[in-house]
Amino acid sequence: MESYFTFVSSVLGFEPTSLLGFVGAIAVWAVPITAFVSVVGLVSIWLERKISAHIQCRVGPMEVGPHGALQTLADGIKLLGKEDLVPAQADRILFGLAPMLVFASTFVGFAVIPFSQKAVIADLNLGIFFLAAVGSLEAIGVVMAGWSSNNKWSLFGAIRAATQVVSYEIPLGLSLLAVVVVAGSMSLNDITQAQSGWVWNWFLFRNPFMWAVFLIYFIASLAECKRAPFDLPEAESELVSGFHTEYSGMRFAIFFLAEYGAMYIVSAIAVVLFFGGWYTGIPFLDHISGSIGGTTGVVVENLIGAGTIIVKSFLLICVQMWIRWTLPRIRLDQMMDLCLKYLLPFSLVLLVAVSLWQAFQGPIDGGNSVMGMIMLAATVASLIWMRRLAGRVSKASALRRELPVVKTGL
Amino acid sequence: MATSDAIIDQVKGQFGEAVLESSTPLGFPTVCVAKDRARDILTYLRDEPGLEFDVLTDATAADGLKYPEPWDTRFQVVYHLRSSRDGKRLRVKVGVPERDCTLASVHDLWKSANWAEREIFDMFGVRFEGHPNLKRILCHHKFKGHALRKDYFIHDGQWLDEPETLLDEIGDWGENPADEGFSELVPVNLGPAHPAMHGTLRVFAKMEGETIVKAVPEIGYLHRGFEKHSETGNWTMVIPYTDRLNYCSAMLNNIGYVRTVEKMFGIEPTERCQYIRVIVGELSRIIDHCVCLGAMLVDLGALTNFWYLFNIRERIYHLLEGLCGARLTSSYARIGGMAHDLQDGFETELREILRDMPRNVSDVLGLIAKNRIFLDRTVGIGVISREDALSWGWTGPCLRATGIPYDLRKVEPYDVYADLDWDVATRDGGDVHDRAMVRFDEMIQSMRIIEQALDRMPEGPVMVEDKRVVLPEKDKVYSSIEGLMNHFVLIYDGIKVPAGEAYVPTEAANGELGFYIISDGSGRPYRIHCRAPSFYLYCAYPSLAEGNMVADAVPLLGSLNIIAGELDR
């Protein structure tokens, strides 16, 4: 298995040089991506339901399939059967185009997301740049949806989406840049390979600033996916449903799928940039082809890699869901405040700091591992400390029976 | 505190013959004043040092057309005043004849008069001169006639489907973009079918970007004619209607109504009944606050809190369901007591709830109390000053959030509240955050009250022994002529409430729930007016929302806890 491309070529029996071959190759690549996006959508929607339910002392869907696993599928079939409604005054062309554009921006992103060293559809040497570029295309689709619906609430949602994209894009881009500085490449494959070896080789532990870079990236990526607390474009209690108020049936389903697809993409990017991509963090497992040998070894190694990156991405998706069901929604101007007044300068400072660190620390051989171990230990220690702190706070509030401020009588 | 007589004497001394009549029915000082001097007298009452009636609790009217003893004028407009300094109350009645059905408006004296006068105009057709916006408020704008007049029959159905544009209230938009006055403000209808407008509210807003420049509310979507409806049945039949006022805490409405009728009878409920009323009343208050806080936090996008709060509510509803068979519409109170005693196991279940409740409350507080986003979204939003809050007629948690410890359970204690040890929860900010926190504090105080009431509750009957209001025991009905006659008369004629009038305020979950009742001595209510706290809270909403963003206007509405059933009656 040289790569998927040659694999496809061998299946097709010719190099896709002609137009027909090109179309055929696109189709052959598109089908597995579509399947994967759909499965990601199904699984993450189910996860969202289950996680929100368990956070909220409920059980969530239980009827269709084991623990409601097929509920999303049933909903999808229902949405397929719904009438395709377009508001009378809507701009029909843009209205129809908008969900496709939104979906396309997510869909294209999957082309460069690596699943393992070999299993990547297009290993662009500008991978991160490409992802950042197509990721923000989504906002155009959202603005189109809001504008064409001819509904004031949709328009408010569209304007909010546009405001949001100009606010979060810069800190997002700067935090990506910091990683590029560390890795010295924009190719996702190269970035991942720079993190091979033990778990402390992950970029998250590479230097003292990477945790902050990751947090900025994560916050900005929540905004990119329009997830709470940044779900302003569709804030249901304020804007009814925001930009997709007028959408129903399959068009709505496509928006929905694109949202969950985008969640996977930003999580997968985070995994590639900070959490060692397809590497498990245990060198033996990551280079199992050495011990098994032959084609089997390569297949097993790639399978382990794909499984690892998918599991890691879903763990990050779960964190996104956890945040959504915990925090209230931020206000538009506060979102801009946060992104432009805090995240932007911080990410600039971090970029400089990471660059300096890289310039001075880089040449020392083996320094990365030592630094990584220190950072890993510090991370674990601070997590334990935060857990303790949280426990103390909740205990304190449970004991709080008396009022802080009480006045009696007139 | 000035005594009732002293107040009346002072007014009489100042205005002489303009004070036509004065009395103190059931301890409530009342003056009847001449129509043309009404505004002067009300101004004097508001401004004169020593009187300072700075709160217009309620204004309503009554139609004397069918009253057995004819009134001097057909209509009486009734103002209930209260002084926030010492809590004294005064009723001012102004006769308005049918031919010259006008009265000077007092909307500039008390802000709460604005909507109250609109309601009187809507229901009785009394025109208030000088009122800035004398439009119908509860009935449809094309409605013909005045619903609460005694000669309006409710069978006269009217088919009205034309929506109200509200363009006259929102002001000029300018038509031509080239014109000077043209504005690029966007008109937006928030509601009535908007997720944030909880029940059935509509706010028509001029928007500049996301900021509300001007807001005009329309209410009445849930107007069911509670007051008119009450006049059709007997006194007991009103109780289920009161369930539907503030349906989040129906028990408190039941209690508020029967307390008013009991006051007219001069009945004091039994001690056990009073304890039961305190317990179920406080449980209802907890439920109501759960709904308010849960919904408000949903408006803020914090959905999870809703479940944590509704888990408490669910358990209390389970308890109340066992008590009276219904969750929302309890109809548990009766004139003279309660429908029946507590069920077996009530106390055990309640103590379990009380044991678990602090954990649920602290879960929610743990999620929001120090949450930066929550604080950013609520602190300093929708701030109202104490003076404004009083002038708008605010009561309840929303008033207490401005720092005024006005709680009827402390100020004018009823039932057994005076015997129990609890505190009035107040905050000083008057913003969305403090209104929410006052409610959290009140839930904790309500738990304290319930715990003590459970400890002290005596055994005994839950109904008074008064054959005027209570059906006799079945064996007396079957074995004695007196019992049979008593039963027959009570069933056939209904409870005959002594002629007169009464206004009795109760501290409901949203504030002062007052029932103003006029009885003509027959078995049917002559006039029942409900002073709904939501009505006076909501009339201040547009002025609070203006200048805020939509995103803030929504939790602001949530923090007021407007219950449409009570608002529109």
Any number yet on Rg/Rh for the range A:258-297, C-alpha, Kirkwood?
1.20
Other chains' Cβ within 10 Å of A:320-329 residues: what's the mean?
5
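Among B:479-492, B:241-254, what's the highest-first ranking by average C-beta atoms within 10 angstrom per residue?
Numbers: B:479-492: 13.6, B:241-254: 26.1.
Averaged packing, sorted descending, gives the order B:241-254, B:479-492.
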Spin-label pair B:Glu352/B:Val383, simplified geometry with 7 Å Cα→Cβ offset, distance in nm:
4.7
Quick check: Cα centre of the range B:256-305 to Cα centre of the range B:220-251, how many Å?
16
Selected from A:Pro99, A:Phe156, A:Leu285, residue furthest toward positive end of dipole (chain A; charges at beta carbon):
A:Phe156
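When the helix-only estimate is applied to chain B (DSSP H runs of n ≥ 4, each -39,500 (n - 2.57), divided by the residue count), what is the mean residue ellipticity at 222 nm, nearest 500 deg cm²/dmol?
Numbers: 21 runs with 232 residues, N = 569.
Helices in chain B give a 222 nm mean residue ellipticity of -12500 deg cm²/dmol.
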If every alpha-carbon in chain A counts as one equal scatterer, what log10 I(q)/I(0) does Debye give at q = 0.09 1/Å?
-0.63
For the protein assembly as shown, the dipole about the Cα centre with charges only on Cβ (Lys and Arg +1, Asp and Glu -1), to the nearest 20 debye, works out at 1520
What percent do you get for the relative contact order of chain B when only Cα pairs under 8 Å and 6+ apart count?
16
Provide, in order from the shortest bin, the percent of all Cα-Cα pairs of the range B:226-568 in each 10 Å bin, continuing until the bin that contains the maximum pair distance.
6, 26, 33, 23, 10, 3, 1, 0
Ranking B:Lys410, B:Lys474 by Cβ neighbours within 10 Å, fewest first, what do you get?
B:Lys474, B:Lys410
Between A:Leu73 and B:Lys144, what FRET efficiency follows from the Cβ-Cβ distance if R0 is 51 Å, with the result rounded to 0.05?
0.35
Can you sort A:Leu188, B:Leu365, A:Leu80, B:Leu26 by how many other beta carbons sit within 10 Å, fewest first?
A:Leu80, B:Leu26, B:Leu365, A:Leu188
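How much net charge surrounds A:Ile191 when only other residues with a Cβ under 12 Å from its Cβ are counted (Lys, Arg +1; Asp, Glu -1)? Don't jump to the answer; show the numbers that get you there.
Details: positive: A:Arg206; negative: A:Asp123, A:Asp190.
Residues close to A:Ile191 contribute a combined charge of -1.
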Mean ellipticity per residue at 222 nm, deg cm²/dmol - from DSSP H runs of n ≥ 4 across chain A, formula -39500 (n - 2.57):
-22500 deg cm²/dmol
Got a sec? Which residues in the range A:247-265 would a label at A:Lys82 touch, if it sits 7 Å along Cα→Cβ and we count backbone N under 19 Å?
A:247-261
Longest to shortest principal axis, alpha-carbon extents of the range B:4-129, angstrom:
36, 31, 24
I'd like the distance between the alpha-carbon centres of the range B:528-567 and the range A:26-91, rounded to an integer number of Å.
38
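Could you line up B:Lys111, A:Lys226, B:Lys12 from fewest to most neighbouring Cβ atoms inside 10 Å? Each step should come with its number before you reach the end.
Details: B:Lys111 21, A:Lys226 25, B:Lys12 14.
The fewest-first ordering by Cβ neighbours comes to B:Lys12, B:Lys111, A:Lys226.
If you place +1 on the Cβ of every Lys and Arg and -1 on the Cβ of every Asp and Glu, how big does the dipole about the Cα centre of the range B:226-568 come out, in debye to the nearest 20?
Details: 34 positive and 49 negative charges, 78 e Å.
In total the dipole reaches around 380 debye.
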Rg/Rh (Cα only; Kirkwood hydrodynamic radius) as it applies to the range A:129-206
1.20
Over the C-alpha atoms of the range B:1-62, what are the Rg and the largest Cα-to-Cα span, Dmax, in Å?
11.3, 31
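Would you work out the charge dipole size for the range A:15-141 about its Cα centre, treating the Cβ of every Lys and Arg as +1 and the Cβ of every Asp and Glu as -1, and quote it to the nearest 20 debye? Working shown, then result.
Working: 7 positive and 9 negative charges, 63 e Å.
Dipole of the range A:15-141, to the nearest 20 debye: 300 debye.
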Spin-label model distance (nm) - A:Ile140 vs A:Leu215, 7 Å beyond Cα toward Cβ:
3.5
How are the alpha carbon pair distances in the protein assembly as shown distributed across 20 Å bins from zero to the largest one, expressed in percent?
12, 37, 30, 16, 6, 0
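I'd like to verify something in chain A: which complete DSSP H helices, judged by Cα projection on the helix axis, reach 30 Å or more and average at least -1.0 on the Kyte-Doolittle scale?
The qualifying helices are A:19-55, A:127-148, A:152-183, A:249-274, A:294-324, A:367-399.
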Rounded Å value of the spacing that divides the Cα centres of the range B:322-362 and the range A:197-261:
45
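Since every read-out is calculated from the coordinates, none of them should be taken as a lab result. All values derive from a computational prediction rather than experimental measurement. Neighbour counts run over all protein chains shown; Cβ positions are idealised from the backbone, glycine included.
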